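For reference, the structure is listed below as structure tokens.
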Amino acid sequence: DMSAVGDELIGVEVSPEAQGRCVRAVDDLAPGAVIMRSKALAFVVDTETHLTPKICDQCMCVITPSPPNPSPKAPSPIKRLVHREAIICVCGQLAYCSEDCRRAHTPWHQYECGFFKKLRGANVFDLGTKNMMKMMIRLIILSYKDSVPLRDSLAFGLCNHRSSFSALQHANLARVVRFVERHMHPDLKGYASYTSLGDLACIIECNTHHLGYYQNPSASNIGGALYYAGSMVNHSCVPNACKVQSEGSADLTLLALRPIKKGEEITITYTELASPIEMRQSHLKASYFFLCRCDGCVGHEGAMKAYRGAYLCKKKTCGGLYVDIHGTRICCVCASRE
């Protein structure tokens with residue numbers, strides 16, 4: 001039951017099929033229609049990339065520091081912008097916009113703070129791996145709070161593709177699992193076995209979504225999040241939907257890019273659509289273990305070119321797609337208008 005976890009499907013349903021679960025339209029959908037709202041099971045904000053601005057880990061707002069010499073005659077063009085200094089946790093991995101947010105997050109963060117501090121000094125792991133390990137801890141805390149074993153948690157309803165990982169990948173994941181098992185909070189240890197930790201790492205590797213705010217170009221790439229319903233949506237290089245995330249939440253919203261017929265599968269992109277087919281296929285095979293057979297890859301060579309011309313953001317460094325929002329075509333990544 002998607003609603004039990006806060007997920008909302010609008011005009012679509014999850015369909016079990018021979019090749020795996022997918023999401024299909026149960027009604028005709030117009031461009032810009034909201035298809036799905038999916039609640040984040042867990043999210044991680046990048047903290048070691050020196051993001052400017054920082055993101056509050058409790059309320060997910062953008063923390064904009066005060067300018068060095070504010071001028072009373074030059075008000076901010078963004079009326080809702082509030083200047084404040086970030087409060088950095090002692091673990092060095094989280095920022096808060098206020099003492100209220102820091103206190104509100106303490107009941108959760110007390111179980112991860114020591115681990116995050118230990119992980120910060122573990123230079124043997126790269127940033128992506130560290131973020132995966134933070135996500136693992138947060139999902140274990142969720143199991144602890146719900147008083148259910150990790151293997152019975154909602155995240156384990158997602159595919160892990162463990163058998164597709166290479167020997168080298170398994171060796172690297174084994175190092176991750178040993179570190180997590182050794183350094184997690186003592187209260188969490190009874191909820192996650194060595195094997196379930198390995199499966200969880202694979203689930204996160206294959207299902208984590210990019211996290212970024214489309215209204216704020218400076219916060220368009222802030223971390224990653226894991227969703228339940230959101231992870232049921234398959235890939236296409238010519239997708240009929242796109243995802244957007246709004247400031248103040250890690251939750252995901254799916255919007256229709258074009259008219260979608262009843263019964264049609266809903267697709268998003270897992271890769272950079274501006275890339276040539278060889279690069280797209282290589283990325284999808286390495287990260288998601290499949291060979292894409294969409295119309296943009298096996299159809300007429302003009303299909304991909306036509307799709308890019310119709311939907312791909314005109315900013316070469318963006319890679320977002322134009323979606324109809326209240327009658328205006330807006331990029332789902334940088335928020336620029338067509």
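The values are calculated or read from the model by the stated rules, or taken from the named source; none is laboratory data. The shown structure was predicted, so the numbers you read here are calculated from the model rather than taken from an experiment. Glycine also receives a Cβ, built like all others from the backbone with ideal geometry; neighbour counts cover every protein chain displayed. Heavy atoms of the whole protein, side chains included, go into the accessibility calculation; ligands, DNA and RNA do not. Shrake-Rupley method; radii C 1.70, N 1.55, O 1.52, S 1.80 Å.
Taken together, the criteria place residue 219 among residues that are among the aliphatic types (A, V, I, L, M) and modelled with pLDDT under 95.
Listed here are the residues, each with its yes/no results for (1) touching a Lys or Arg at 6+ places or on another chain (Cβ under 7 Å); (2) part of a strand (DSSP E or B); (3) of a type in the set (Lys, Arg); (4) modelled with pLDDT under 90.
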| site | (1), (2), (3), (4) |
| --- | --- |
| 273 | yes, no, no, no |
| 280 | no, no, yes, no |
| 309 | no, no, no, no |
| 319 | no, no, no, yes |
| 322 | yes, yes, no, no |
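Whether any residue in the stretch 241-248 is in a strand (DSSP E or B) and out of contact with any helix residue (DSSP H, G or I) (no Cβ under 9 Å at 6 or more places or on another chain) is what I want to check. Within the stretch 241-248, one or more residues are in a strand (DSSP E or B) and out of contact with any helix residue (DSSP H, G or I) (no Cβ under 9 Å at 6 or more places or on another chain).
One residue alone among 331, 313 is without any contact (Cβ under 8 Å) to a residue 24 or more places away in the chain, closer than 23 Å to residue 34 by Cβ and crowded, with 18+ Cβ neighbours inside 10 Å, and that residue is 313.
Restrict the check to the stretch 234-254 and report whether at least one residue is open to solvent by 60 Å² or more (accessible area, probe 1.4 Å) and among the charged types (D, E, K, R). Reasoning before the result, please.
From the stretch 234-254, those open to solvent by 60 Å² or more (accessible area, probe 1.4 Å) are none; that's our starting set.
Within the stretch 234-254, none of the residues are open to solvent by 60 Å² or more (accessible area, probe 1.4 Å) and among the charged types (D, E, K, R).
When residue 207 is tested against the conditions (1) in contact with a helix residue (DSSP H, G or I) (Cβ under 6 Å, 6 or more places away or on another chain); (2) open to solvent by less than 10 Å² (accessible area, probe 1.4 Å), the lone failure is (2).
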